[in-house]
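Asks: I am attaching a structure below and will ask some questions about it afterwards.
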Amino acid sequence: MSGPDFLIHGSEDSVGVVVVESVAKGAVLSGLSMETGAALTITACDDIPLGHKIAVMPISNGDTVLKYGHDIGKAIADIPLGGHAHVQNVKTKRW
């Protein structure tokens, strides 16, 4: 049995972090909640590199994006479940 493909901290997170070398669009991914040990399964909508974020729920334009329990910015476009959340659709709230 292999480890998870992505990690979240807990149920409040809207994105997880990919922890495998790369994810191909259409891949079925296994995730793990570090808080509860719960397993998640998501199909990737995009190719996603190691260390990048994957949406673990649909995120609407303007929504706050939470990673590992922390506000990391806001969505500037809709991000579907399994979508790549990165600079093209998430921006800081600082400026």
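Asks: May I ask for the longest run of the chain untouched by trypsin sites (Lys or Arg not before Pro) that are loop-located per DSSP and have at most 10 neighbouring C-beta atoms (other than their own) within 10 Å? Can you show the working numbers first?
Replies: Working: sites that count: LYS93, ARG94.
Looking at the chain, 1-92 is the longest stretch - no exposed trypsin sites (Lys or Arg not before Pro) with at most 10 other Cβ atoms within 10 Å.
Asks: Still on this model: Pull out the extension gain between ALA39 and ASN61, defined as 0.36 nm times the separation in residues minus the alpha carbon to alpha carbon distance; nm, one decimal.
Replies: Working: separation 22, 0.36 × 22 = 7.92 nm, distance 2.69 nm.
Length gained, ALA39 through ASN61: 5.2 nm.
Asks: How about LYS53: which lysines have a C-alpha closer than 17 Å to its C-alpha, ignoring those fewer than 8 places off in the same chain?
Replies: The reachable lysines, counting only those whose Cα sits under 17 Å from LYS53, are LYS25, LYS67, LYS74, LYS91.
Asks: Can you put ASP46, ASP13, ASP71 in order of Cβ neighbours within 10 angstrom, beginning with the fewest? Before the final figure, lay out the partial values.
Replies: On the way: ASP46 19, ASP13 23, ASP71 11.
Lowest to highest Cβ neighbour count: ASP71, ASP46, ASP13.
Asks: Right, another one. At 7 Å along the Cα-to-beta-carbon direction for both SER22 and ASP47, put a label point, then send me their distance in nm to one decimal.
Replies: It is 0.5 nm.
The numbers here are math on the coordinates, done by the rules we state, and not lab data. Remember, predicted model here, so these are calculated numbers, not experimental data. When we count neighbours, we look across all protein chains shown, and the Cβ atoms used for this are built from the backbone with ideal geometry, even at glycine.
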